[in-house]
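One structure below.
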Amino acid sequence: METIILAVVIAVVVLGALGGLIVGTRRRKSLPPPPPKAPDITAPPAEPHVGEEAETPRDEPRRTIEEVDLPGGPPVAVEEPPVPTVEAPEIEIPEPTAGRLVRLRTRLSRSQNALGKGLLTLLSREHLDDDTWEEIEDTLLTADVGVQPTQELVESLRERVKVLGTRTPEELRGLLREELLKLVGTDVDRTVKTEPADRKPGIVMVVGVNGTGKTTTTGKLARVLVADGRSVVLGAADTFRAAAADQLQTWGERVGAYTVRGPEGGDPASVAFDSVKEGKEMGVDVVLIDTAGRLHTKTGLMDELGKVKRVVEKHAPLDEVLLVLDATTGQNGLVQARVFAEVVDITGIVLTKLDGTAKGGIVVAVQRELGVPVKLIGLGEGADDLAPFEPEAFVDALIGD
């Protein structure tokens, strides 16, 4: 009996142990795997540094804003650099125009009296045969006097020399002076019209081909007018040449004249219109309008010049249209003059570069071609080398003393 009880107890213990083992195995299978351990990350090597940065950084003590000692007293004012001031250009006082050509006579005679001396030398020959008269004609033609005026002058000289007989140098000089004055003309009004009786301002338009000195002449004419006590506004209607407006404005600033200008490549007629408008509002005496240097072979550009004239005349009629010609161009200058006269009514001629050529006869030729007088001549590069044309002083310079 005891043996049976012992066997039952052992069986129960064995069954209990097996049951516990089975339950433990199931629990172990249902538990999730433990999280993986984070790997150890090694910091990358620091970038190399140079100089003070190569040292190992150290923890330095830091202070709060309350611990920092602020400087006492009022705040220090920071001195700003002075703003540079642009000084206005000094206004020049041009020399008076009265007798200006007489004062410049020496300069003119140095380059021009080759014509007069050549004629006097030929006329002083003992025998004036046909060959001599042909040489006289050639001398006049070379000086750009023109065919018709040359023939008239030679014919008149031949008759007077024949009547005179014996010819002293003084008589020949007087004879030649009289005949040249007839050709040049002494009874023509050469005043530049800038003072209309019924209104202000007077309006002058300056035209001409590129390279004749047109913009420079406009600036010099402003000096002539200021020297005579006139106030002037300049209109920079040459919008096709980048430097033209700047150049004209510089001329104006020298004598205190205001310059009206527009955008580069803008409408020249608009600038001309605004120039006259400004002149009226400012109450000045004269408005000078510088136009673009039109090539006389460009029909469209010449038509635009006519447009400028028409737009200006919406304010008032033009008092002067001055054509600037280069005295050295000879017959080319006459062609230019002819074409310009067809587009605008030329009222006067300005001859430039008379200081570097012996072709003073262009004065006669261009007056014959256009039927208008030479009113101004340029004798050099100086600011006051533009002079009113005086026939007597001019002829005296041609034939010398």
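The values are calculated or read from the model by the stated rules, or taken from the named source; none is laboratory data. On a predicted model such as this, the values are computed, not experimentally measured, just so you know. Heads up, the Cβs are rebuilt from the backbone with ideal geometry, glycines too, and the neighbour counts pull from every protein chain shown. Surface accessibility is based on the protein's heavy atoms, side chains included, excluding ligands, DNA and RNA. Shrake-Rupley method; radii C 1.70, N 1.55, O 1.52, S 1.80 Å.
Checked against the criterion of being open to solvent by 40 Å² or more (accessible area, probe 1.4 Å) and farther than 25 Å from Asp384 by Cβ, the stretch 243-256 has no qualifying residue.
The set of residues in the stretch 239-253 that are at pLDDT below 90 and either more than 13 Å from Thr291 (Cβ to Cβ) or in a loop (DSSP other than H, G, I, E, B) (or both) comprises Thr239, Phe240, Arg241, Ala242, Ala243.
With respect to the conditions (1) open to solvent by less than 20 Å² (accessible area, probe 1.4 Å); (2) under 17 Å from Thr191 (Cβ atoms); (3) touching a residue at least 40 places away in the same chain (Cβ under 8 Å); (4) of a type in the set (Val, Ile, Thr), Ile349 falls short on a single one, namely (3). The conditions of being among the polar types (S, T, N, Q), open to solvent by 10 Å² or more (accessible area, probe 1.4 Å) and under 24 Å from the mean Cα position of the chain (by Cα) are met by Thr329.
Would you be able to say whether some residue in the stretch 319-331 is at pLDDT 90 or above, under 24 Å from Gly262 (Cβ atoms) and in a loop (DSSP other than H, G, I, E, B)? Yes, because at least one residue in the stretch 319-331 is at pLDDT 90 or above, under 24 Å from Gly262 (Cβ atoms) and in a loop (DSSP other than H, G, I, E, B). Considering the stretch 136-178 alone, what residues qualify as being surrounded by 15 or more Cβ atoms within 10 Å (Cβ to Cβ), of a type in the set (Asp, Glu) and modelled with pLDDT of 90 or more? Glu137, Glu152 - these are the residues of the stretch 136-178 that are surrounded by 15 or more Cβ atoms within 10 Å (Cβ to Cβ), of a type in the set (Asp, Glu) and modelled with pLDDT of 90 or more.
Would you confirm, using the coordinates I've provided, whether Ala236 is among the small types (Gly, Ala, Ser), open to solvent by less than 10 Å² (accessible area, probe 1.4 Å), at pLDDT 85 or above and within 17 Å of Asp384 (Cα to Cα)? First the steps, then the outcome.
Numbers: among the small types (Gly, Ala, Ser): yes; open to solvent by less than 10 Å² (accessible area, probe 1.4 Å): yes; at pLDDT 85 or above: yes; within 17 Å of Asp384 (Cα to Cα): no.
Taking the combined requirement at face value, the residue does not satisfy it.
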